[in-house]
Amino acid sequence: MTVRIANAAGFWGDDSEAPRRVIEHAADLDYLTMDYLAEVTMAVLVRQQEQDPDRGYATDFPSVVDDILAEAMDRGVTILANAGGVNPQACREAVASVAEEQGLEPTIATVSGDDFRDRVTEFDDDHLRHADTGEALPADADVVSANAYFGGFPVAEALSADPDVVITGRVIDAALILGPLIHEYGWGRGEYDRLARGLIAGHVIECGAQATGGNFLGEWEEIDFEHIGFPIAEVEADGSTVITKPAGTGGLVTPETVGEQLLYEVADPSAYYGPDVVADFQHVRLEQVETDRVAMHNVAGSPPTDTYKASLHYRDGFTVRSDVVYANPDAESKADRAFEYIRNRADERGIEYDRFRTEAFGVDALHDGTASGEPEEVVARIAIETPNKGDGYEFASLFANLGLGGPPAVTMFNPGRSSPTPKFAYHPVLVPKSEFEPTVEVTDA
């Protein structure tokens, strides 16, 4: 027995045609997953829910389901996504609605219980310290979102009801892959090596095409990005994994493409922490077994901690930004003069800001001044972080003056005046697992 799991989205806004491409090209598929949630996405979803109680989920997901549900149900492919965000129930209703329009009656399961924004004050200060720096959560923090990262076992519980669609809130990205493996193979909580292999299989494919040639530092010139195939993990009962992609699609699967993704967002390969297991892949071996097929070997596991990682976001003022283009000759000098102009005018007006940042794209924005030669043009980016929305608007009013009253040979990128954008501080913490009870609900459309 081999379980085949594909992932067709690495973030909210990823290629909308990818799920259809996977369904059409991947034979014998068991599960199709989609990852929608970056850290900052949770704060964005809360803001949307504040404006409309029926929002708070990845609103692209129902249309994706609408496109592939009939074929997925016909082929027995279960769809899983963390598209529920901070409102899995509303996402479920939206999916049920598009299914009903097609005359379909899918069974839909949701996983929730991760959201604790209304309980933050119940946790002691030590559990709210920044997981990386140890800094305390500011006493006056206006917390917008607070979500624990659940693992694969709640997803496996949801799958026990044989649903057609599983919608979760905040889970680790790899849980969408690990959950089906726990369900299919009956892995127990103490089978750490198998859980670790499932976790790493999920880690490799959860960022979508980044494992199949996207964002690849190698021979990228030859890659068919237009039709890139999204990754598939073929996993055996002992956790042995082969990474591949659908036949007839672009991209490539090699030890190099898989290896780059394997190290993505990893601090310590010997201790990759998940809610269900700590994976050790410091001795991993990646083997090209066939074209576009890479086997992973030497992944081990050990017991997890008694805490969940959780992400908190709190309101942290505003940002204002504008981009201005200067052409040769002396494009860099013109950009520098524009930076000086805006800072001087802001200081003269007494505009309060916590941070003033300038970047000269084409000179030093990406390579820290190591670019050589005189650039033909420079994009001058000017931005501040300010605690006050009013100061943000006043700062934004300065940019237009560069059009006629600043350095020459200028092109203004931003039509009209920039507006202050709310800024959210990210504050990761470690919270006791005992304070959370994942909730699984199953409904028929």
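In summary, no lysines lie within cross-link reach of residue 334, defined as a Cα separation below 27 angstrom excluding same-chain residues under 8 places away. Ranking of 34, 1, 412, 296 by neighbouring Cβ atoms within 10 Å, starting from the fewest: 1, 412, 296, 34.
With respect to the chain, whose longest principal axis is taken over its alpha-carbon atoms, helix 175-185 is tilted by about 10°.
A dipole drawn for the range 313-426 from +1 and -1 charges on Cβ atoms has a positive end, and of 326, 313, 338 the residue lying farthest that way is 313.
Rounded to the nearest 10 degrees, the angle from helix 331-348 to the longest Cα principal axis of the chain is 80 degrees. Within the straight-line cut-off of under 27 Å between alpha carbons, the lysines reachable from residue 433 are 309, sequence neighbours fewer than 8 places apart in one chain being disregarded. Considering the range 1-146, its Cα convex hull presents a mean projected area of 11.1 nm². When 159, 176 are arranged by Cβ crowding within 10 Å, least crowded first, meaning fewest neighbours, the order is 159, 176.
Report the net charge of residues surrounding residue 196, where surrounding means a beta-carbon distance below 12 angstrom and charges are Lys +1, Arg +1, Asp -1, Glu -1. List each step's numbers first, then the result.
Details: positive: 194, 197; negative: 191, 193, 238, 276, 280.
Its environment carries a net charge of -3.
In degrees between 0 and 90, to the nearest 10, how far off the longest principal axis of the chain does helix 39-51 point, with axes built from Cα atoms? Around 80 degrees separate the two axes.
Rounded to the nearest 500, what is the chain's calculated 222 nm mean residue ellipticity when only DSSP H runs of at least 4 contribute -39500 (n - 2.57) each, over all residues? Could you put the intermediate results ahead of the total?
Values: 11 runs with 121 residues, N = 445.
Rounded to the nearest 500, it is -8000 deg cm²/dmol.
With contacts defined as alpha carbon pairs under 8 Å and 6 or more residues apart, what's the relative contact order of the chain in percent?
Working: 1029 pairs, mean separation 79.5, N = 445.
18 percent.
For the chain, the mean projected area of the C-alpha convex hull, equal to one quarter of the hull surface, is 23.4 nm².
Taken together, the values in this text are just the output of simple stated rules run on the coordinates, not laboratory data. In this text, all values refer to a predicted model and were calculated from it rather than measured experimentally. Don't worry about glycine lacking a Cβ; one is built from the backbone with ideal geometry, like all the others, and counts go over all protein chains shown.
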